[in-house]
1. Filter region A:43-69 down to residues that are among the hydroxyl-bearing types (Ser, Thr, Tyr) and away from chain B (no Cβ under 14 Å) and give me whichever is farthest from ligand 1 (Cβ to nearest atom).
2. Looking only at residues in region B:202-220 that are open to solvent by 40 Å² or more (accessible area, probe 1.4 Å) and within 10 Å of chain A (Cβ to nearest Cβ), which one is nearest to A:Lys172 (Cα to Cα)?
3. When residues of region A:310-326 are filtered for being modelled with pLDDT of 85 or more and in a loop (DSSP other than H, G, I, E, B), how many remain?
4. Considering only region A:13-22, I want to know if a residue exists there that is within 16 Å of ligand 3 (Cβ to nearest atom), among the hydroxyl-bearing types (Ser, Thr, Tyr) and either within 14 Å of chain B (Cβ to nearest Cβ) or surrounded by fewer than 20 Cβ atoms within 10 Å (Cβ to Cβ) (or both).
5. Counting just the residues of region A:39-70 that are open to solvent by 30 Å² or more (accessible area, probe 1.4 Å) and hydroxyl-bearing (Ser, Thr, Tyr), which one comes out farthest from ligand 2 (Cβ to nearest atom)?
6. Residue check: is A:Ile36 away from ligand 2 (no atom under 16 Å from the Cβ) and within 14 Å of chain B (Cβ to nearest Cβ)?
Amino acid sequence: MVATLQVENLETHFPSRDGIVRAVDGVSFAIEPGEILGLVGESGSGKSITGFSILGLIDPPGRIANGSIKFKGEELTTASPERLRQLRGARIAMIFQDPMMTLNPVLRIDTQMIETVQAHEKVSEAAARVRCVETLKAVGIAAPEDRLKSYPHQFSGGMRQRIAIATALLHKPDLIIADEPTTALDVTIQGQILYEMRKLCRETGTALIWITHDLSVVAGLADRIMVMYAGKIVETGKIATVIERPQHPYTRGLIGSVPGAMPRGKRLFQIPGMTPALINLPPGCRFKNRCARADATCEAMPELAELQPGHGVRCHHPFGAEPLTLAEVR
Amino acid sequence: MLVFIIRRLMQAALVVAVMSVLVFVGIYMIGDPLAILVSPEATELDREAIARSLGLDRPMWEQYLAFVGSALQGDFGKSFVFGQPAIGLILERMPATLELALIATIMSVLIGVPLGLYAGLRHETVAARAIMAGSVLGFSLPNFWVGLMLIMVFAVQLGWLPASGRGPTVDVFGIQLSFLTLAGWKYLALPALTLGLSKCALIVRLARATAREVMLMDFVKFARAKGLSEKRVIGVHILKNIMVPITTVTGLELGTLIAFAVITETIFSWPGMGKLLIDSIVHLDRPVVVAYLIVVVLLLVLISLIVDILYSVLDPRVRLGDAK
Ligand SMILES: Nc1ncnc2c1ncn2[C@@H]1O[C@H](COP(=O)(O)OP(=O)(O)OP(=O)(O)O)[C@@H](O)[C@H]1O
Ligand code: SF4
Ligand SMILES: [Mg+2]
């Protein structure tokens, strides 16, 4: 079976006056039909840029400097702009983080949804409208015929995100990249949307990349998880394996900062320090200045090594079978 | 909505009242209309007779009250010079000015928006820099100088276009219009260009600035992520957002354009209200000056009312009821 998406050694660079920002630096992964992949990492780790690279939507002067992105076997890094346009919104859809900003404020919802249908299929406006109504119904919007005539500002954030999701679903895409789509929403609505997205993916065989900085969001949703740090993948594996036996110190830190993972009464653990600037990075492990286990060997960049089949870790000193304790994390 | 319009009209009435006082005092201070109207050879008796017939023998405050009294009944007095109702003189010349100002506005939008949009979207290109440099010139060159240069080049040197006047017009429901015939356009082109140039420069800059702002918005990226063609992303998603500020500014600037038409009309001898105003000021023809200002104020109020309505149509987030 050919993978829905196969990314090999992706490097996305933004040239700047002070040097090249390596936002995505040698990322490789694959995703199968119907699979849900959680992409987790702190702010600035390169998650969104990974998503935009797949869609070919990197703003110049940024560019994909290296690597290959194969969508159902078709190379995207060398595809023509027109071919990418055909795939975007039809076969590969994306949902953005802030629902307040993703819909055009001066266009009605029907305009924005119908244009999406008609960008990829020669159908009448009436037929396109019927499709929009059905899709809106599927994401739980009541009386969609009337709501279509409204403007974005007449909807709440949760409703707007449902509209954005419905827009992404219009062509039953093979791959959806959801870039923190629920972060801006309150917890109840977040839960509803997560549940519905998961159901839709299972039913239609759509592969889903769910980007988030909150590990607890993907814990109940994803099949596999990929932890990203400073443009590189530091740990990847089945969700249960990674959460129960995190091998990378950074992943352990992330799990430590999830409410509920620690014994009650203990203060929520935060990884000290910040993601380094992705410019002129020194050699060696990028986590070393925040890592309690760092030593001289960490001056060399570790490889992403498979500890077990399907469980990869980029660290010279993985935890092995050690249980997760607070002391260990520190 | 109705409340909104009434409030606007009351503001206008206030402005008119204040302005009429200023004009009365102003013209009184500049000089004595009689000195211009009456020939130096006339006898003292003749002078007095004329002064009495024009009401100029009474003290100024009395003249003003008399003016207000008749103005409230719709009579703005007769021109000292032409002996015709002042308001009629103004209205007769208004179409020429409005046509000039509107054509200048339309030209500046049609030229300014595409140039500004291009300069915004491709801001690093040489062409974009050239456009911006051009807009600085358009901004800073004085109106009268541009007019004279255009006359020099197109009328005197090349002889392609007439240097002055309005040329043939077409009568549409009693209104004389130039833009319906090619011959009319020949007369219209240079004054409209002169008048519109600085507005065009303003629109270029505004369109560029908003384009640069809007193109970075998430909804533009989302439009691309939906697989829309570049044509639709720019022509619908970006353009529609740009048109909100452009419409507002253009509409409000239409007022200053009508006011600036005074200079352009004088250079090109365009028979509009502006030229009438200058002539009337020279002759201290007070009723015409007052009537001109009243008409212009009402026009400005009307324009800003239309702009507000248009704004709420273009930007659905704005509702007129909320406008304070
Ligand atoms: N247009 C750009 N020019 C220069 N650098 C950029 C640009 N866009 C992103 N970057 C850099 O790329 C890095 C990764 O950004 P990205 O948006 O992918 O982070 P993220 O993981 O999605 O974070 P967040 O959780 O805040 O969304 C950041 O450090 C940022 O500084
Ligand atoms: S390689 Fe060294 S510094 Fe990097 S995470 Fe592992 S132990 Fe820490
Ligand atoms: Mg992001």
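The values are calculated or read from the model by the stated rules, or taken from the named source; none is laboratory data. For clarity, every value in this text was computed on a predicted model and none was experimentally measured. As a convention, Cβ positions derive from the backbone with ideal geometry for all residues, glycine included, and neighbour counts pool all protein chains shown. These accessible areas exclude ligands, DNA and RNA; they are computed on the full protein's heavy atoms, side chains included. Shrake-Rupley method; radii C 1.70, N 1.55, O 1.52, S 1.80 Å.
1. A:Ser68
2. As a first pass, look at region B:202-220 and keep what is open to solvent by 40 Å² or more (accessible area, probe 1.4 Å): B:202, B:205-206, B:208-209, B:212-213, B:215-218.
Filter again for within 10 Å of chain A (Cβ to nearest Cβ), leaving B:215-218.
Numbers: B:Met215: 28, B:Leu216: 28, B:Met217: 26, B:Asp218: 23 Å.
Going through the qualifying residues, I end up with B:Asp218.
3. Step one: of region A:310-326, the residues modelled with pLDDT of 85 or more are A:310-318.
Subsequent filtering for residues that are in a loop (DSSP other than H, G, I, E, B) retains A:310, A:314-318.
Summing the residues that are modelled with pLDDT of 85 or more and in a loop (DSSP other than H, G, I, E, B) in region A:310-326 gives 6.
4. There is no residue in region A:13-22 that is within 16 Å of ligand 3 (Cβ to nearest atom), among the hydroxyl-bearing types (Ser, Thr, Tyr) and either within 14 Å of chain B (Cβ to nearest Cβ) or surrounded by fewer than 20 Cβ atoms within 10 Å (Cβ to Cβ) (or both).
5. Selected residue: A:Ser48.
6. Details: away from ligand 2 (no atom under 16 Å from the Cβ): yes; within 14 Å of chain B (Cβ to nearest Cβ): no.
Answer is no for this residue.
Conditions tested, residue by residue: (1) among the aliphatic types (A, V, I, L, M); (2) over 30 Å from A:Asp110 (Cβ atoms); (3) at the interface with chain A (Cβ under 10 Å from one of its Cβ atoms).
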| residue | (1), (2), (3) |
| --- | --- |
| B:Ile246 | yes, no, no |
| B:Leu284 | yes, yes, no |
| B:Pro287 | no, yes, no |
| B:Val290 | yes, yes, no |
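Per-residue answers, yes or no, for (1) part of a helix (DSSP H, G or I); (2) of a type in the set (A, V, I, L, M, F, W, C); (3) open to solvent by less than 40 Å² (accessible area, probe 1.4 Å); (4) in contact with a Cys (Cβ under 8 Å, 6 or more places away or on another chain):
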| site | (1), (2), (3), (4) |
| --- | --- |
| B:Glu99 | yes, no, yes, no |
| B:Leu110 | yes, yes, no, no |
| B:Ala119 | yes, yes, yes, no |
| B:Ala127 | yes, yes, no, no |
| B:Gly165 | no, no, yes, no |
